[in-house]
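Let me begin by presenting the structure, written as C-alpha cells, before commenting on it.
Bear in mind these aren't lab numbers, they're just calculated from the coordinates by the rules spelled out. Since this is a predicted model, take the numbers as computed values, not measurements. Note that each Cβ is placed from the backbone with ideal geometry, even for glycine, and that neighbours are counted across all protein chains shown.
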Amino acid sequence: MKLRTKFVAATMLAGAVSAFSFLSAGAAQAQGALVMYCGVQEEWCRAMVNAFERDTGIKVAMTRKSSGEIYAQVKAEAANPRADIWWGGTGDPHMQAAEEGLTQEYKSPKLGELQDWAVRQWEQSKNRAIGIYSGALGFGYNTELIKSKGVPEPKCWADLLNTKLKDEVQMADPNSSGTAYTLLATVIQLMGEDKGFEYLKGLHKNVNQYTKSGAAPAKAMALGETTVGVAFMHDIVTMVVDKAPIKVVAPCEGTGYEIGSMSIVKGAKNLENAQKFYDWALTPAAQKLGAEAKSYQVPSNKATPVPPEAPKLSEIKLINFDFAKYGSSDERKRLLSKWDNEVKNLPK
Amino acid sequence: MSRAALGWVVLGWIGYALLPWYGFERADVPGLTGSGLVLGVKGAWWLLPIIAPLLMALRPTFGSAPRSESDWLIASGVLGLALVILQGFTIGLNGWTLDLLKNLFGAPGPRQAGMGYGGALSSTAFLIVLCHGLAARGWCRGDAFVTSSIGIVLALIIVFVFFPVSTILASAFADNKGNFAPMEFVAKFLDRSIWGLDCVTSDLRCGVAWNTLFLGILVAFGTTLLGLAFALIATRTGFKFKKLLRVMSVLPIITPPFVIGLALILLFGRSGALSAALYEWFGIPRSRWIYGLPGVFIAQLLAFTPIAFLVLIGVVQGISPTLEEASQTLRAKSWTTFITVTLPLMRPGLANAFLLGFVESLADFGNPLVLGGNYEVLSTKIFFAVVGAQQDQGRAAVLSIILLAFTLGAFWLQHAWLGKKVYTTVTGKGDAGIPLPLPRRVAAASYLTAIPWALFTVAIYAIIVIGAFVRSMGRDYTPTLDHFITAFRVERADWGIYFSGSAWNSFFATVKVAALSAPLTAAIGLLTAYLLTRQRFSGQRAFEFGTLLSFAIPGTVVGVSYILAFNVPPIEITGTGFVLVMCFVFRNMPVGVRSGIATLSQIDKSLDEASLTLGARSFTTMRRVVLPLLRPAIVASLVYSFVRAMTAVSAVIFLVTAEYNMATTYIVGRVEAGEFGLAIAYSTALIFVMLLAIVAIQLAVGERRLGRRSASANTSPVAVQATP
C-alpha cells in the first residue's frame, strides 16, 4: 500500500516536471531572432512575417494585438522589453510611446523613397515612429436601407445632420477608439473648435450608438444594423469587397486621416534584426502585401503600386492634419473630457 | 524530526546545490549558469548567506529536545524565506532596484536574472520546513499536512494574486508620471461619469457604477432562479429529457465570448431573423432594443446560468430526504415542506450561486462589448481606460477598486445571510428516505422557466452552428466549408501530416494550457475549500477573501498586473506557457472554492472525525472520505476551469506570445476584422472539444453515491405529483 502511494506520488512528480519543462522548452523556442508586435489584421501580419523570413532567413515571433493593447503592453514591459519591433496600427499610440521614450530613434536609408506624410510623422515623433501606410476617414451608407428611408444620399459631413437620419448614424466613442478621436480632431480642424463642437452636438441627435471599436460601424452597416457608419474608408472598403451593399463616401468638405506607423522598441534585444525589418518594411515589395491581404490602405513608399480598390488619396480632399498638436496627450485629454461633458451626456 | 520534514530539507539542499538557480525560461542566462552554491562561490555573494538556514534545518537531525527542534525548523524557514525575498527584490536585472542602495554602494551594482528551478525548489522547501516547525509547536492540532496546506495556498495566493494586484492598484494613487498623487485619486474616484444619478431625475445617463451594480444584481437573481429550476428538474422530477437538459444547460458555459452576443444580434438585431419575421407577419417595427441593458442581460443570463446550475445541483442532491420526510410525517403539505425545510437547506447553494452570478456579471467583458450599446459598465470602461485613446492606467486602477468594493460588499452580504446556521445533511447515519417530489406549484414553475429557456438556448446554438457553415451569416446563406478549411486545413506532406490551417497553432496551445490548468485549479480550489470549512485558524475570513480577489478584478487589469509583476526578477515568467497556466489557475480557483464550500458545508464533520478517531491522518481522511463525497464539486471545478481556460479573453490578451497564442485572441482578431464566419467556425470546433472534455471528466470522476434510494425507481403515488 505504502509502495503504491509512493509510486503514485513519483508519477505525479514526474508528470509535473515534464509538463513544466514542456512549457518552458516551448518558450525557449519562441525566442526567435525577431520579436514583432503586429497591429493590423491577422492575414496581413502573417504575410509580412512569411515574406520577411523568406527574404532574410531571420525567424520572426509575431503576436497580433490592437494598437492600443500593444502600447499598454510595451509600457508595462518597459523594465525588461520583450518586443523588438512594433509594426502597424494607428499613429497615435506610436506618437504617445515616442513621447514617453518607450521607442528608440532610427534613421532608415529608405527615408528618401517615402511620401511626405510618412517622413513628417517621423520628424514629429523625434525620429522614432515612421509612416508605413495611411488611410482617410470617411463614412459609408447601406444602399438598401437608405433607399427604404427615402433619404438623399449623403455626400458631405453636413449631410449627416439631416433630421431624417435620426438614430441612423453610428460612430465609435473617441474615448476608446482612435478612429473616433480622428473624427473629433478632423471636425475641429475643419470648422474650428466652437463650430466643431456645435456640429458634434448636432450629430449626437442622429447617433444611435457610440461603439467601442473603430471598425464596428462598418460591420454594423454590412449587417444592416445601422444606415450610416463613420469609419476609416479602407475598413468600409473591406466590407464592400466582401459584397456588402455599402457605398463609401469621401466627405466633400475634406477629411482627416491616420498614419499607420512602425517603431523600434527601446531596449530591443535583437536591435540589428529590428533595423533590418524596419528597412525591409519600407520597400515596395513589402508594402504591396497589404492589398494582397485585403487591406486597402495607401502605402507610404512612393514606388509601391496603390491597390485599385483603395480610396485614392489624390481624389480625396485631405486636410493638413496637425498630428503633433492633436496627438499630444494633454490636448487629447482636454478634448476628450470636453466631448464627454458637452456632447456625450446631452439628452437626445 | 519527521521523515517528511527531513525529505523537504534534502529537497532544499538539492535546489540550492544541484539545480540551476536562475533562468526558468532561458537556461542560458549569460554568466549565471549553475546552482546557487556554485554561483555563490564563483562571486554571486548574495547567494551565499542562504547556506546558513539550510544548515540550521539540519541541526535537529543530530538529536535535540523536541521543543528546540521546532525552534530550529521555524528559524530556518523564516530566515531562508527572508533571505530569498530580500536578495530577490533588491538586486534586479540592471543592478540595485532601490535608489538608496545605489547611493550607498554605487550604481549599477550586481545583476541577477529571474529565479529558476533551483530557487523555486529551495524557497518551497523553506516554506514547508517552516510549516512543519509550526505544526511541531502545536498549530492546527499538530497536523503538519494542514499547516503545510495552509502555508502553500497562502504563499501561492500572495505570489500570484496579492503581489501582482497590489502593483497595479498602487497606480491608482499615482499620476501619469508615477508620482504619488492622492488628490488625483479622489478626483478620479468621485467623477460624475461614475456616480452620477441623472437617470433617476431626467433622461440622461446614470453613472457607470450604478449601471454595473444594477446589471449585476439582475443577472445574479436571474441566474440563481434559472439554475435552481434546472437543478430541481434534474434531481427531483421524473422528467424524460434530463440528460439533454443537462447538456443544454452547460452549452453556454462552453461558448467562446462574442459568439452568444453575435447570435443574439443575428436573431434580435434590427436585421435579425426574428425581427424580420415579426415585421413581416405582425408589422412590429424593427428596432434596436437589443443594444443596451436588455441585450447584455439576456447574454449574461445565457452565459452564467450554467455556473449557478453546477453549484446548485450538488447542493440539491445533498439535501437529506430524512428531514423532508419528517416534515411530511408531521402532516406538513409538500408546499410547506418545500418552503420551510428544503429551501432553507439550499441556502449555502443559493448564496454561492448568487455571489458567483453577481461577480461574473461584474467581470464579464465580451458581452457588454458586443451588445452594450450606450449602456456602459465598469469592465469595458476599465479595458478602454488601459488600451483606448485615453491610455490612463491610473483611471483603470481607480475603476477596479470600485469593482472590487462591490465584490467585497456582495461577499460580506452573503456571509451575513448565511449566518452561523448549520446546513449539514450528509451524515454517517443511514439515510432511509427518498427525495421528496416537488410540490406541484414548484414543479410547474420550474418547468415553465427552464423549458422555454432551454428552447431559447437551442435556437441560439442552431444559429451558431448554421453560421459556421454558411458564407456570411445574416447576408449570404450559401452553404460552404471554407471557414473550416481556412482554420483547420490538414495537408499530407512527404514527411507526414502537416497542419497548415491558420488556427491549429492557437488550437494546440489552448488545449495544452487548458488541460494543464484544470487539474491544478481543482486541486488548489478544493484544498482551499477544505481548509476553510474544516479547519479553524486566525485570519480565516481574510484568507477566504483573498481567494476571491483575482476573480473579482477585471481580466484586463489582471493581465497588465501580471506583466508588471512577473516581467522582472525575482519571478520572471512572462512569455512562457507557465504564466498563462498560473493566470488561469488563480482566476478560476474561486469557482472550485465556492462549490467546494457549498458541498462541504452539507457533509457532517463527524464523518471526518470518525476517520480521524480511527487513526487516519488528515491526508488519508481527505483522500478516502472527503474527496469521494466531493465528486460534484470536483466535476464543477474541473469543467469550469478547463472551459474558462479555453474561453477567457481579456486577461490573456497581454500574456499571449507567438508561441502561446490562445484561441480566444485569434477569435477576437477575426471578429475585429469582421470575419464572423471564421470566428463562429472556430468556436464550433472549440465547443466540440469542450463537450468531449466534459464527458471525459464526468466519466473519470464518476458520480457520488450517497446510499439513498432514488426517486425515479419508486412508483409510489407521491412521485407522480412531479409530472405536471
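For the reader, a short list of remarks on this structure follows.
- Summing Lys and Arg as +1 and Asp and Glu as -1 over all other residues whose Cβ lies under 13 Å from the Cβ of B:VAL311 gives a net charge of +1.
- Sorted on the mean count of surrounding Cβ atoms within 10 Å across their residues, most packed first, peptides B:308-318, B:147-157 read B:308-318, B:147-157.
- Formal net charge of residues neighbouring A:ASN50 (Cβ-Cβ distance under 13 Å; K, R +1; D, E -1): -2
- Average other protein chain Cβ within 10 Å of Cβ, residues B:575-584: 4
- Part-to-part distance (alpha-carbon centres) for the range B:57-109 and the range A:139-211, which is given in Å: 63 Å
- Burial ranking of peptide ranges A:44-57, B:567-580 (average Cβ count within 10 Å, highest at the top): B:567-580, A:44-57
- The mean number of Cβ atoms from other chains found within 10 Å of a Cβ in peptide B:89-100 is 1, as a whole number.
- Long-range lysine pairs (8 or more apart or interchain), chain B, Cα under 18 Å: 5
- DSSP finds beta bridges in the protein assembly as shown, and of those with both partners inside it, around 70 percent are antiparallel.
- Distance from the range A:294-348 to the range B:206-252 (C-alpha centre basis), Å: 45 Å
- Qualifying lysines (Cα of each under 25 Å from Cα of A:LYS312; at least 8 residues distant if same chain): A:LYS110, A:LYS155, A:LYS219, A:LYS243, A:LYS247, A:LYS288, A:LYS294, A:LYS302
- Mean silhouette area of the protein assembly as shown, derived from the convex hull of its C-alpha atoms and averaged over all directions, reads 46.1 nm².
- Total formal charge among the other residues, if their Cβ is under 11 angstrom from that of B:ARG644, Lys/Arg +1 and Asp/Glu -1: 0
- Karplus-derived HN-Hα couplings along the range B:135-152 (A = 6.51, B = -1.76, C = 1.60, θ = phi - 60°), whole Hz, x at Gly and Pro: 5, 5, 6, x, 5, 6, 6, x, 8, 5, 5, 5, 4, 5, 4, 4, x, 5
- Each principal axis of the Cα atoms in chain B has its own extent, and those three values, largest first, are 85, 69, 63 angstrom.
- Binned Cα-Cα distance frequencies in chain A - 10 Å width, integer %: 5, 24, 30, 21, 11, 5, 3, 1, 0
- Relative packing of A:323-333, B:358-368, which averages over residues the other C-beta atoms within 10 Å, highest first: B:358-368, A:323-333
- Taking amide H as placed 1.01 Å from N in the peptide plane, A:GLN209 has its amide H under 5 Å from the amide H of A:MET171, each at least 5 places away in sequence or on another chain.
- Extreme residue, positive dipole direction of the protein assembly as shown, given options A:ALA98, B:PHE163, B:GLN328 (C-beta unit charges): B:GLN328
- Shielding of B:651-658 by partner chains, average beta-carbon count, 10 Å: 5
- Inter-part distance where the range B:343-386 and the range B:285-327 are each reduced to a Cα centre, Å: 13 Å
- Using Cβ point charges alone (K and R +1, D and E -1), the dipole size of the range B:3-137 about the Cα centre works out to roughly 140 debye.
- Among the cysteines of chain B, those with no neighbouring cysteine Cβ under 4.7 Å are B:CYS131, B:CYS140, B:CYS583.
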